[in-house]
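*Asks:* Encoded as structure tokens, here's the structure I'll be asking about.
A short reminder: the numbers here are calculations on the coordinates, not readings from a lab. Worth saying up front: this structure is predicted, and the values here are computed from it rather than measured. No Cβ is skipped: glycine too gets one built from the backbone with ideal geometry, and neighbour counts run over all protein chains shown.
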Amino acid sequence: MYSLDVNFLNDRPELKPNSRRLSRSPKLVISSADKRPMYIGLAALIAFPVFAGAVYGVLAWRTGDLEQQQAALDSQLGNLEIEKKNLATIEAQAKQATDEAQALATVFNQIKPWSAMAQDIRDRLPANVQLLAIKQLEAKDQGSAPAGSAKVPNTVQIDGFANSFNDVNDFLLTLQQSNFLRPEITKIVDAHLGEDRTLQTPDMPNVPFKRSGGAIKLPKQVQFSIVTAVSEVPASDLIRELDRKGAVGLVTRIEALQDRGVIQTASTQPAKSAADMKATSQDKGAKKP
């Protein structure tokens, strides 16, 4: 038999499943009379290009400002490069002038005037010694010099004659004490007795002169040759000596260079004592034949 199943709950609208879903998700209803979405879209359409144009303008202005700053920096860099080249040129010119002044000062500082050296030798000449010649030897003319003074630059040979060998030795000792000469180079290279001499009487016209006993003989003299060399002491250290010997011009130039700081005065080497000079000259003196 058939049974009748009736569900009365479905007859209630609030309990229907479909009506329950519809009540939970209500639909958004937009009225055709509301124009706000259109205004919002129009505003967005206008705002985006304006904002993009503003950003582009700001970037373009900043780019132009940076380009101007770069141009100014490039100009300053170019000026600095020019000044750097000018400074390098000035430094080169200053260095060249300094080198020339130093070379000139070196030349003046190495000069030993012959007049001053000759005057110094004359002042040291004993009473019984006479000079015949003072000459500078070249390297090829130093063959007669001893081995210790061979091929020494600025070598000088002094020739003369004396009454005795002791006078020659005294003259050697005085030369070794000179600040213008090198004592270790100053040596006697030759010393020997000369030929016989006779007293020569002048012939006077209309004046008869007779001598009894023949010609008068004079004692023999010692002919000698001394080799020495010019000292390497700077002239700036010999200002007093040069002034005393009459080299006023050189002294004035050296003092002017010292005032400008081109020449620095160095301390002179201490002079040898008399004992050292005597020991040095023991094997250099003239000996009797």
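*Asks:* Just to be sure I understand the model, the point goes 7 Å from the Cα along the line to the Cβ. What's the resulting Asp99 to Arg122 distance in nm?
*Replies:* With each label placed 7 Å out from Cα toward Cβ, I get 4.3 nm.
*Asks:* Just how far, in whole angstrom, is region 152-179 from region 230-255 if you go by their alpha carbon centroids?
*Replies:* If we compute the Cα centre of each part, the gap is 22 Å.
*Asks:* Using a 7 Å offset from the Cα along the Cα-to-Cβ direction at both Leu80 and Arg244, what is the distance between the two label points in nm, to one decimal?
*Replies:* 6.2
*Asks:* Which ordering of Thr174, Thr98, Thr186 is given by a fewest-first count of other beta-carbon atoms within 10 Å?
*Replies:* Listed from fewest to most nearby Cβ atoms, that is Thr98, Thr174, Thr186.
*Asks:* My understanding is that a pair violates if its Cα-Cα distance is over 32 Å; which of Lys187/Lys245; Lys112/Lys217; Lys135/Lys220; Lys187/Lys220 do that in this structure? Working shown, then result.
*Replies:* Numbers: Lys187/Lys245 24 Å; Lys112/Lys217 43 Å; Lys135/Lys220 25 Å; Lys187/Lys220 23 Å.
Cα-Cα > 32 Å for Lys112/Lys217; rest within.
*Asks:* Modelled label-to-label distance, Leu59 and Leu45, 7 Å Cα→beta-carbon offset: nm?
*Replies:* The modelled label-to-label distance comes out at 2.5 nm.
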